[in-house]
Structures are given as structure tokens and as C-alpha cells.
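The values are calculated or read from the model by the stated rules, or taken from the named source; none is laboratory data. These numbers were taken from a predicted model, which means no experiment stands behind them. Here the Cβ is made from the backbone with ideal geometry for all residues, glycine too, and neighbour counts use every protein chain on show. Accessible surface is based on the protein model in full, side chains and every heavy atom, while ligands, DNA and RNA are left aside. Shrake-Rupley method; radii C 1.70, N 1.55, O 1.52, S 1.80 Å.
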Amino acid sequence: MESRVFSRAPTIAHVRRPLRESHSNTSCSFISIKPIGAVGEGGNLIWGRQLRPSLLLEAPSPMNARKDILRPVMAAASSPAEGSDSSGDGKVAPIGFFDKYPALVTGFFFFMWYFLNVIFNILNKKIYNYFPYPYFVSVIHLFVGVVYCLVSWTVGLPKRAPIDSNLLKLLIPVAVCHALGHVTSNVSFAAVAVSFTHTIKALEPFFNAAASQFVLGQSIPITLWLSLMPVVLGVSMASLTELSFNWTGFISAMISNISFTYRSLYSKKAMTDMDSTNIYAYISIIALLVCIPPAILVEGPQLIKHGFNDAIAKVGLTKFISDLFWVGMFYHLYNQLATNTLERVAPLTHAVGNVLKRVFVIGFSILVFGNKISTQTGIGTGIAIAGVAIYSYIKAKMEEEKRRGKAA
């Protein structure tokens, strides 16, 4: 799974202070939960796609304050100006490293997001070089992540959020599309060069815009359509002269784009106030159950007959198991880091960061695997990435302007 957008909350106009400072060292604000925008309008996206609602901080009116209260947010611990000791004397709370240097922390999140994504793609391709079974490997990716989530729930980090039948029905279509997109991405990774798969997947914004326009009936500005023209042109140029080109890899990557587009559409209906980590865990569990049957049907007989034995003969049992474990961990962790990064920055910053991430992955995969690319393929890839950057910039700017208008 490739993140969620948290809307930035407007500044609190006023906060009701406790009547007696000596009896409380906390200040309270009140949270109301609302979903934001549709997919085509720059709405919430999970993994670059939609699921999580925005948290908008609003100052309730005196008459409706009690109705609007969902839960108090304890702010004194993080607010140095509001601290007080038991005697009632005001004290300034010490500022921690994370609060003192937020830019460094955000930079660290970006670095780890890029690093884990690059490592995942490289290790994933190395596995396919000696174990070309993408359906089974896709199951391992999800299985390791699900085990990680179950262990986290067991120790209470985070605490498992309950799920009812209504939410389950909403999440199933999202998880099915996620499973299909994940498997077909891996089929493409196994069939062609990593750099070429990521070039094709640069077309995903085009499919998102098309679905928003023709499926949801939303109006997409002409500027967004124009910004997508270089993406289509660049992918076409790269595909015509790609040395590793084959139809299995190309068609699988295109199906992946379509699947992730529909995942975004279904996510719009699955808006919930459940936290992102729990949502991601439930989707991973459902997606794992969806991926197991086709893996058994398509690759099961080959794996039992010679697949496992050939891989063990080539690299040894220890390395084989170790590679599968770590590729699953890197897959889960880079998706989690993408979510954490997204929650720390504005949509525009994250959009630019996402484009740069794809550049890093393509560049490092070419260096590590020594893939030879033609001049036309290189130029086409560059044009496609530039088009995605322009599209992301325009879309993020439009989203910020809408939010400013609502805040005003």
C-alpha cells in the first residue's frame, strides 16, 4: 500500500479556560469530525489515497457547546505557557527536542520514508531474480505486516479499535482493490525493470482524474488535464524503447493503476473516525485473505514441485526466509512512514515529496541493477516525472486554496 491526508486544523479562536487555575493544569479544546473533499478535488487519499477524515478544530458557540463536545483534548502537557504546579504558581514546561527542532524531525521522516521505499524495491526485485513468484511474495508482504499489527495490538501499541459489520462492509471493497493493485504491481516488478514499472505507475494521477470526471461526475479543471499530457507522452516514449518491455509487465502495471484508482473511490465511502494505524491493519488483514486463494491456485503447484527447492538451492534456506521476512517488514514500515510523514506536512509538501520519492526509486534501481536504458526511455521517464510534479503542485495548491476559503 502506497498514504492518508490529514487536513490542517485552523487556529482556535478561543478556548474555555478552567475557572480555578489551582485545581486544573489543563486547557480544553473540542473536536468535531468531518470528512473532506472528494478524490478528484484533492480530498483525503490513502497511501496517496482516501480514507481518513479530517479533524477540524472549531470553537463551539455557547448555546451549542455541549452538543458539539466529542472529547476533551488535554493540551497542557504540550503547551509550555499553560503549565502550573500544585501550589498554583505558573511554570514554563521544558521544550522537548521534537518540539524544538520540528524541521529536523520532519526531515528524518522524509529520509526514512525514502530509504525504506528504496530498500523495499531493491530487495523485492532481488528476490524475484531467484524466486519469480509474485503472487506468493505479495502474500508474504501482507502476512508480515498483519503479524506486525497483531503483535502491536497485543502490547497495546496502538490499542485495537473495535470494528462493526457496517464498517467491515465499507472496508471490504477498499481492501479488495488494494489486494488486486498490490498483486498486479508485484507481477509487473517481477516481469520488467523496477524503473519501468514505476514509470508506468506515474500514470496513476491520469486514471484518478479520469475516474473523478467520468465515474463520479466531478468537474476536473482544464489546467489539471493539461498537466497530465506530459505524463502520458513521457510514459509512451519510455514504453516504446524500454529494453525490458513485455506485455505482462506493462498490462499488470496498468491494472495496478486502475485498481488503486478504484480503491480511492471506494475509500470515499469508507470515511471513519478510526485512527489510520487500525484502519491500515484491518485493510491488510482483509487484503491478505483475498490474496491467498489466487496465490494457491496460480502458483501453488509450481511452488510445491520446484519453486521452493530452486530458491533454497540458489541462496540457502536461511537467506531465503530472511529475505522474505525483511521485504515484508520494509513494505509495511515504508507505508506506515508515508502516513506519518503525511500527517506532519502540508499536502503540497507531501505531493512534491512523493514525486521525488519516485525519482529516488527509479534512479537507485538503475544504479543497483545496472539496467541499461535507451536515450528515449530516459527522456520519456524524465518528462513523465516532470508532468507528475506539475500535476501534484497544481492539485495541492487548489486544495490549499479551498481549505483557506473554508477557514475564512
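Which value, in Å² and to the nearest 10, is the accessible area of ILE222 when all protein chains are kept and the probe is 1.4 Å?
The accessible area comes out at roughly 120 Å².
In nm, to one decimal, how far is the modelled label at ILE304 from the one at LEU317, with both set 7 Å along Cα→Cβ?
Those two pseudo-labels are separated by 2.0 nm.
Might you work out the accessible area of LYS314 for me, using a 1.4 Å probe with all protein chains in place, and round it to the nearest 10 Å²?
Approximately 130 Å² of LYS314 is accessible to the 1.4 Å probe.
For the cross-link pairs LYS125/LYS201; LYS159/LYS402; LYS201/LYS269; LYS169/LYS395; LYS126/LYS201; LYS126/LYS372, which exceed 26 Å when the distance is taken from alpha carbon to alpha carbon?
Check vs 26 Å cut-off fails for LYS159/LYS402; LYS169/LYS395.
Measure off 7 Å from each Cα along the Cα-to-Cβ vector at VAL215 and ILE251, then give the distance between these two points in nanometres to one decimal.
Here the modelled spin labels are 2.1 nm apart.
Take THR339, THR375 and sort them by solvent-accessible surface of the protein heavy atoms, 1.4 Å probe, largest at the top.
In descending accessible area the options line up as THR375, THR339.
Rank by packing, highest mean first: peptides 209-219, 244-254, with packing defined as the count of other Cβ atoms within 10 Å averaged across residues.
Working: 209-219: 14.7, 244-254: 17.3.
Put in order of decreasing packing, that is 244-254, 209-219.
Could you tell me whether the range 92-186 comes out rounded, prolate or oblate from its Cα gyration tensor? Rule is a ≥ b ≥ c as square roots of the eigenvalues, rounded for a/c under 1.5, then prolate if a/b exceeds b/c, otherwise oblate.
Judged from the Cα gyration tensor, the range 92-186 comes out oblate (a/c at least 1.5, b/c at or above a/b).
What trypsin sites (Lys or Arg not before Pro) does the range 325-408 have in DSSP loop regions with at most 12 other beta carbons within 10 Å?
LYS372
What figure in square angstrom, to the nearest 10, would you give for the accessible area of ILE394 with a 1.4 Å probe?
40
Say R0 is 30 Å: what FRET efficiency, to the nearest 0.05, do ILE379 and ILE222 get from their beta-carbon distance?
Once rounded, the FRET efficiency stands at 0.70.
If I model a spin label as a point 7 Å beyond the Cα along the Cα-Cβ vector, how far apart are those points for LEU168 and LEU104 in nm?
The answer from the label model is 4.7 nm.
Under 23 Å between alpha carbons, and skipping anything fewer than 8 positions from LYS100 in its own chain: which lysines qualify?
LYS91
I'd like the carbon and sulfur percentage of the solvent accessible area for the range 148-293, probe radius 1.4 Å, heavy atoms only, ligands and nucleic acids excluded. Spell out each step's value before the answer.
Details: 4360 of 6150 Å².
Using a 1.4 Å probe with all protein chains present, the range 148-293 comes out at 71 percent carbon and sulfur.
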